[in-house]
1. If you take the residues in region 58-80 that are among the charged types (D, E, K, R) and touching a helix residue (DSSP H, G or I) at 6+ places or on another chain (Cβ under 9 Å), which one is least open to solvent (accessible area, probe 1.4 Å)?
2. Can you tell me which residue in region 364-383 is farthest from the chain's Cα centre (by Cα), limited to those that are away from the ligand (no atom under 12 Å from the Cβ) and closer than 21 Å to CYS215 by Cα?
3. Which condition number does GLU317 fail, the rest of (1) open to solvent by 30 Å² or more (accessible area, probe 1.4 Å); (2) modelled with pLDDT under 95 being met?
4. Inside region 287-298, can you point out the residues that are at pLDDT 95 or above and farther than 18 Å from ASP249 by Cα?
5. Do any residues in region 306-334 that are more than 16 Å from ILE348 (Cβ to Cβ) have Cβ atoms under 8 Å from those of residues that are small (Gly, Ala, Ser) and open to solvent by 30 Å² or more (accessible area, probe 1.4 Å), where the two are at least six apart or on different chains, and which pairs are they?
6. If you take the residues of region 315-363 that are among the polar types (S, T, N, Q) and farther than 23 Å from VAL163 by Cβ, which of them is farthest from the ligand (Cβ to nearest atom)?
7. Is it fair to say ARG294 is within 28 Å of ASN414 (Cβ to Cβ), away from the ligand (no atom under 14 Å from the Cβ) and assigned by TED's automatic domain parsing to the domain that holds ARG234?
8. State all residues of region 323-381 that are among the charged types (D, E, K, R) and either farther than 25 Å from ASN242 by Cβ or at pLDDT below 95 (or both); if no residue qualifies, say none.
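The values are calculated or read from the model by the stated rules, or taken from the named source; none is laboratory data. Predicted model only: the values in this text are computed from it and were never measured. Glycine gets a Cβ as well: all are built from the backbone with ideal geometry, and neighbour counts include every protein chain shown. These area figures cover heavy atoms from the full protein model, side chains too; ligands, DNA and RNA do not enter into them. Shrake-Rupley method; radii C 1.70, N 1.55, O 1.52, S 1.80 Å.
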Amino acid sequence: MSEPAIKSDAQPAVIRPDKETFLAEENPFEAMMERFDHAAQLLSLDPGLYKVLRHPEKQIIVSVPIIRDSGELEVFTGYRVLYNTSRGPAKGGIRFDLNVTLEEVKALAAWMTWKCALVNIPFGGSKGGVVCDPASMSLGELERVTRRYTASIIETLGPDSDVPAPDVNTNERVMAWIMDTYSMHTRHTVTAVVTGKPVEMGGSLGRREATGRGCMFVTREALARVGQSLKGARIVVQGFGNVGSVSADLMAKEGASIVAVSDKSGGLHNPKGLDVPDLIKWVKEHRQLAGYLRAEAVANDALLTLDCDVLVPAATENVITRKNAGQIKAKVICEGANGPTTAAADEILEKKGVFVIPDILANAGGVTVSYFEWVQDRGGYFWDEETVNRRLESIMTRSFAETMAMADKHTVSNRIACYMLAVDRVAAMHRLRGMYA
Ligand code: NAD
């Protein structure tokens, strides 16, 4: 007897060409690869190494079962990708978000590889994530997800092999649980297995502010290149979490005027400058910017194209695309977030003469102080905050100067200059080590 025909009401999918282009533009791994290919070509990277560096070393997918507070069993999906470990242990954050995908984690792990090489610290690159919505979970559920995810990827973790840190929706609290879970399995306390921990348990002074502080240092350098100073500069910040709020606060302390900020709940605008400490206090109490009455509301899309000197995208990927890049008025873009600008938008910004501080340079302050934390944990000797900040400033300004020298020498964009410096350093290590093949 023949099978009955399966009837379906579904219409055949029609993908419009512009939608296809848009989707490709938003694939973070493809966007990263496009820049890598460009740098590899300019470096005349040999074909064998080119193939090696186009592939992540290891990709792990785990199921993370936990018992909900209601007693129900729930299963989440978790990822950990080690992109390259030739220069040292893998280093990369963990994010908890509904939008986490393997493609995104791969891209973020590759970015970590280039970022660590660019600021010349002895780490490779990795990233991890769990597909979940922490806002809808209790603290207990969050702890169970963290501990089970950690146990599931425990073979890769370790101070000499793979060292996580906080990222979107994860924080010191989550790092403390990871450290404890790992230590329970190894039967002794291992503080250096994660960075971004509470200071009381081996975290570094200055780590929480490090990414924003790094953004402030490189923005100061970039403004000097375009003949301006941070003092009096008008700044727009998208994202008011760790990176965005600290960047805004430290830039305001240097005399800049923060004219607009936003988070998931919406944006706030005051051309005369917002009171950043007051906004931070508000968010601490209300967990979002929405409801703050001492500024005008502005839509998140409109915020990006406001009149300003510096735009700091510090929220998420793909916010500056071919659709809005042409309308951006900022002279300088400091990419606090990872991957905020698509490759197509890069071209538009370059033609307009916008000075872009690429993500792998702009937000490298975080991993730099994570490196300091790892060094302090392993040495068992802790530095004062002034030493941390001074060493961070030295690495950020040196990396900025090296990027400028590369961009000038090869007449390439700042982003391609960063990739050239980073890819060259990773390739050099592979050449010295040889291939175990
Ligand atoms: P976070 O979770 O502390 O803050 C993210 C902020 O962005 C929140 O205010 C959120 O409301 C806002 N946001 C999310 N989607 C938005 C949208 N569509 N429009 C406007 N605002 C939106 O995260 P974070 O640690 O500040 O990280 C932000 C970015 O910086 C991420 O891309 C992350 O990978 C990158 N980064 C973080 C660090 C670090 O040390 N935390 C280091 C390097 C890079």
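1. Checked region 58-80; the qualifying residue least open to solvent (accessible area, probe 1.4 Å) is ARG80.
2. Once the filter is applied, the top-ranked residue is PHE372.
3. (1)
4. If the condition is that a residue be at pLDDT 95 or above and farther than 18 Å from ASP249 by Cα, then ALA290, GLY291, GLU296, ALA297, VAL298 are the ones that fit.
5. Going by the 8 Å Cβ cut-off, the qualifying pairs are ALA314/GLY241; ALA315/GLY241.
6. Among those residues, the one meeting the criterion is GLN327.
7. Criteria not met by ARG294.
8. LYS323, LYS329, LYS331, ASP346, GLU347, GLU350, LYS351, LYS352
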